[in-house]
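Student: Let me give you the structure first, and then I'll get to my questions.
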Amino acid sequence: MTKIGPGGWIALLLAYGLCAGCDTTVPPSRSNSTSDPALSSVPTKRRVERSVSDPSSAATQPGLVSAVGNRVGIALCWTAPTFPARAYRIYVSEECGRHRFDAPYAEVSGASTRHFLTGLEVGRTYYTIVRSVDEAGREDSNERELGAVVAEVRFVDQSAPPGGDGLTPETPFTTISDAIGSAVSVEQVNVYVAAGDYRERVFLFDGMSLYGGFDRSFGFETRSPNERPTVLYSSDDGDLISVAPGPRLCAIGGWQLEGAEKGRRGVAGSDCNIQLTWIEIREFRDKGIELRAGDEVDDCVTGVVQNCDVSHNLGEGIRLSGTLDLVLRDVRVHENRQEGLEVEPLTFSHREKGKLEIDRCEFSDNLDLGLEISARPHPKATGGKLRVNLRHVVCTGNADDGASIDIDGTANPAFELRVDVWNCSFSNNGKHGLSVDADLDFAFRIARSTINENRGSGVLLRGDATRFFCRLQNSTLLGNHAAGLTVDSPAFVSALLSVIDGIKCRRGSVDRTQSEVRDLATTNSREPTPAVLTADPDKQPRIAPSSYAAAVDGVSFGVQDGFFAHRFEAPRCQDLHCVTPLPGNSHEGRWRLEFRYPVETDVTVVVRANDRVLPSTVRRDGVRLDVVCEQAIDADASVVLELGPTSLDLRRPLPWRYRLIYPAKGG
């Protein structure tokens with residue numbers, strides 16, 4: 001793709017109105033910050049009560065969580081292991097992913113979880129890993145790597161008096177745009193932003209880093225994005241933070257990005273080297289994060305997304321595309337209107353190996369797929385390698401598949417693909433737990449994972465690849481509404497030391513000799529328990545799986561046990577979770593409908609008996625709707641509950657709509 005020179009970027013900034021009033025002269029080469037370089041431990045208090053990925057939580061893997069550079073060195077902060085640490089070893093490299101673990105840069109006492117690195121060259125980018133050492137001298141093996149630039153600093157504080165030059169903590173700029181404008185001619189710069197509310201769009205050039213969470217002293221010892229939230233609000237319908245293409249590191253850390261359903265995307269970048277840490281991104285009109293590589297073979301997105309929370313966006317939480325060398329670590333993506341994570345297409349070329357690592361991430365309660373990966377060779381590639389690794393990933397409560405992996409392309413022995421799913425959980429999703437569509441041969445492994453209680457199959461393997469090999473080992477596929485394992489592909493599956501509720505093999509073959517396979521007819525023969533609406537909502541029995549067929553194909557719930565349900569325009573609908581009472585008790589005129597998400601206030605419910613509308617009352621309570629018919633219902637009547645937003649006029653486009661049908665007794 002065409003690269004834009006510095007002059008072109010300046011013109012672009014002026015076009016966006018971001019350089020107005022900015023001093024674009026080359027600033028002094030040294031910042032006069034007198035801040036103590038010590039770091040504080042990471043606090044846990046947030047300005048608002050939200051379920052945010054907190055680097056200090058016990059669930060976070062021990063290792064580096066923050067690296068911030070200035071002109072003197074790099075301030076590091078990490079989490080301690082569960083065992084007492086005698087010491088910490090710090091490894092430093094100028095190349096990402098190239099560390100010598102036999103030669104630590106420094107070793108510090110186990111009494112502290114912070115350190116300031118010195119002796120580094122100004123203008124260089126350094127990648128750091130911190131490992132703990134126990135009393136026996138054993139070192140952990142984490143590879144949590146973060147980069148930082150040793151470079152000059154610009155300071156920003158929206159509460160400061162106007163007129164500052166941004167070169168010292170005592171004379172900060174009042175806007176982020178002023179700081180960026182003053183550093184356009186500098187190759188690399190770190191921008192420190194004090195806590196407060198900022199309403200502006202930010203454009204980061206190649207090599208610029210942006211850090212929030214400081215107090216007005218800008219000292220590392222008091223930096224805390226949790227207790228000193230730095231919030232960037234969308235002021236229009238554009239992208240909130242845009243990252244320019246380029247090979248230099250752009251690090252963004254310690255922020256809350258608020259879209260208010262107005263801003264387009266929280267963070268957008270292309271062909272960049274990006275690092276996102278400790279960021280909350282919510283309520284954007286399109287996507288929370290979008291990173292894409294261009295169409296040329298050499299185009300690539302590299303970097304890491306770590307300790308971030310992405311939620312309540314109207315589109316996907318995160319969207320990635322193109323050739324990637326990217327790590328997602330300790331990221332929570334939840335309650336987005338579309339996919340939690342969409343990677344489409346993930347391409348790889350002959351020039352270098354493509355890699356996507358997803359480690360200790362959660363994708364939950366999204367209104368489409370939890371995560372979707374669609375990979376194929378670059379159209380100009382004659383060969384290449386691709387590695388996709390899912391480690392400690394949780395996909396739960398999503399309206400569609402928990403995870404979907406689609407590998408497409410023309411067979412070529414020069415392509416080498418491998419996908420590993422290790423120690424993951426896929427549960428309670430609206431369709432399949434894990435769906436794989438393989439039209440290109442690759443090696444696939446599922447190990448030490450639980451794939452339970454999904455509304456479709458636990459694992460669905462399909463496609464036309466003739467040499468697709470899947471190894472399933474040390475895993476459980478239990479309580480899914482369809483077969484634990486469904487194979488509709490020429491694949492060969494080796495099931496080792498696993499427990500599976502039923503195998504349905506339409507094509508291909510499964511070696512199950514070393515696994516426990518339970519009879520599908522037995523495991524799916526649970527009898528429904530009669531449900532009675534009582535005054536105690538906690539005692540309401542959920543509808544049994546054998547009596548309620550979920551929306552597997554996005555259109556129809558199907559028919560089971562005399563209970564019919566049809567959903568119109570279903571792909572984006574609000575998800576109906578369960579209904580009581582069960583068939584056989586439907587003529588008492590009382591129903592409880594439970595949804596996966598809180599019920600909107602404009603929901604309309606209509607009760608019909610033999611096509612005649614009956615008067616009824618509706619009480620809303622969070623995710624529940626209690627419907628009470630005010631007129632007796634004949635035992636031989638066919639009863640229909642219709643519900644949808646505001647109007648039930650089928651001539652109007654509705655975002656979601658249900659018809660629940662109870663046939664007449666004996667009908």
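The values are calculated or read from the model by the stated rules, or taken from the named source; none is laboratory data. Only a predicted model underlies this, so the values are computations on that prediction, with no experimental measurement involved. Glycine also receives a Cβ, built like all others from the backbone with ideal geometry; neighbour counts cover every protein chain displayed. The protein model used for the area step is the full one, side chains on, heavy atoms only, and it has no ligands, DNA or RNA in it. Shrake-Rupley method; radii C 1.70, N 1.55, O 1.52, S 1.80 Å.
Student: Rounded, prolate or oblate: pick one for the range 183-233, where a ≥ b ≥ c are the square roots of the eigenvalues of its C-alpha gyration tensor, a/c under 1.5 means rounded, and failing that, prolate if a/b is larger than b/c, else oblate. Display every interim value, and only then the final one.
Tutor: On the way: a/c = 2.80, a/b = 1.47, b/c = 1.90.
Since a/c reaches 1.5 but b/c is at least a/b, the shape of the range 183-233 is classed as oblate.
Student: How far apart, in nanometres, would the label points at residue 466 and residue 344 be if each is projected 7 angstrom from Cα along the Cα-to-Cβ direction?
Tutor: 2.9
Student: Just to be sure I understand the model, the point goes 7 Å from the Cα along the line to the Cβ. What's the resulting residue 83 to residue 185 distance in nm?
Tutor: Rounded to a tenth, the inter-label distance reads 5.6 nm.
Student: Still on this structure: With label points built 7 Å along Cα→Cβ from the Cα atoms of residue 138 and residue 121, find their separation and express it in nm.
Tutor: Inter-label distance under the simple model: 3.9 nm.
Student: To continue, here is another question. By how many nm would the segment from residue 412 to residue 610 grow when fully extended, if each residue of separation counts as 0.36 nm and the alpha-carbon distance is taken off? Intermediate results must be reported in sequence, preceding the final value.
Tutor: Working: separation 198, 0.36 × 198 = 71.28 nm, distance 6.11 nm.
Here the segment from residue 412 to residue 610 would lengthen by 65.2 nm.
Student: Here's a follow-up. Under the Karplus relation 6.51 cos²θ - 1.76 cosθ + 1.60, θ = phi - 60°, what is the ordered set of whole-Hz ³J(HN,Hα) values for the range 150-162, x standing for Gly and Pro?
Tutor: 7, 7, 5, 10, 10, 10, 9, 8, 5, 8, 7, x, x
Student: Classify the range 206-267 as rounded, prolate or oblate, taking a ≥ b ≥ c as the square roots of the eigenvalues of its Cα gyration tensor: rounded when a/c is under 1.5, otherwise prolate if a/b is larger than b/c and oblate if not.
Tutor: Oblate is the answer for the range 206-267, as a/c is 1.5 or above yet b/c matches or exceeds a/b.
Student: Still on this model: Please work out the Kirkwood hydrodynamic radius for the range 122-227, using every pair of different C-alpha atoms, and report it in angstroms with one decimal place.
Tutor: Result for the range 122-227 stands at 15.4 Å.
Student: Sort the following peptides by mean Cβ neighbour count (other Cβ atoms within 10 Å, averaged over residues), highest first: 376-388, 62-74. Don't skip to the end; give the middle numbers.
Tutor: Numbers: 376-388: 18.2, 62-74: 23.4.
Ranking, from highest mean packing down: 62-74, 376-388.
Student: Taking only the Cα atoms of the range 243-355, how large is their convex hull per residue, in Å³? Each step should come with its number before you reach the end.
Tutor: Details: hull volume 9.2 nm³, N = 113.
Cα-based convex hull of the range 243-355, divided per residue, equals 82 Å³.
Student: Based on the alpha-carbon gyration tensor of the range 450-494 and its eigenvalue square roots a ≥ b ≥ c, which shape applies: rounded if a/c is under 1.5, prolate if not and a/b is larger than b/c, or oblate? Intermediate results must be reported in sequence, preceding the final value.
Tutor: Values: a/c = 3.71, a/b = 1.63, b/c = 2.28.
Note, shape of the range 450-494 comes out oblate.
Student: Which length gain, in nm to one decimal place, applies between residue 107 and residue 513 when the Cα-Cα distance is subtracted from 0.36 nm times their residue separation? Mind showing how you got there, number by number?
Tutor: Details: separation 406, 0.36 × 406 = 146.16 nm, distance 5.01 nm.
This chain segment gains 141.1 nm when fully extended.
Student: Looking at this model, which pairs from 355/504; 287/431; 287/355; 355/380 are more than 27 angstrom apart at the alpha-carbon?
Tutor: On the way: 355/504 32 Å; 287/431 23 Å; 287/355 22 Å; 355/380 18 Å.
Going by Cα-Cα distance, 355/504 fall outside the 27 Å limit.
Student: What Kirkwood hydrodynamic radius, in Å, does the range 292-337 give when the mean of 1/r is taken over all pairs of distinct Cα atoms and then inverted?
Tutor: Numbers: mean 1/r = 0.0851 Å⁻¹.
Hydrodynamic radius (Kirkwood, Cα only) of the range 292-337 equals 11.8 Å.
Student: Of the heavy-atom accessible surface of the range 57-159 (probe 1.4 angstrom), what whole percent is carbon and sulfur?
Tutor: Carbon and sulfur atoms account for 45 percent of the accessible area of the range 57-159.
Student: Output the Kirkwood hydrodynamic radius of the range 294-406, Cα pairs only, in Å rounded to one decimal.
Tutor: Details: mean 1/r = 0.0715 Å⁻¹.
After inverting the mean inverse Cα-Cα distance, the result is 14.0 Å.
Student: Taking a quarter of the surface of the Cα convex hull of the range 63-181, what do you get in nm²? Don't skip to the answer; put the middle values down first.
Tutor: Details: hull surface 35.1 nm².
The number I arrive at for the range 63-181 is 8.8 nm².
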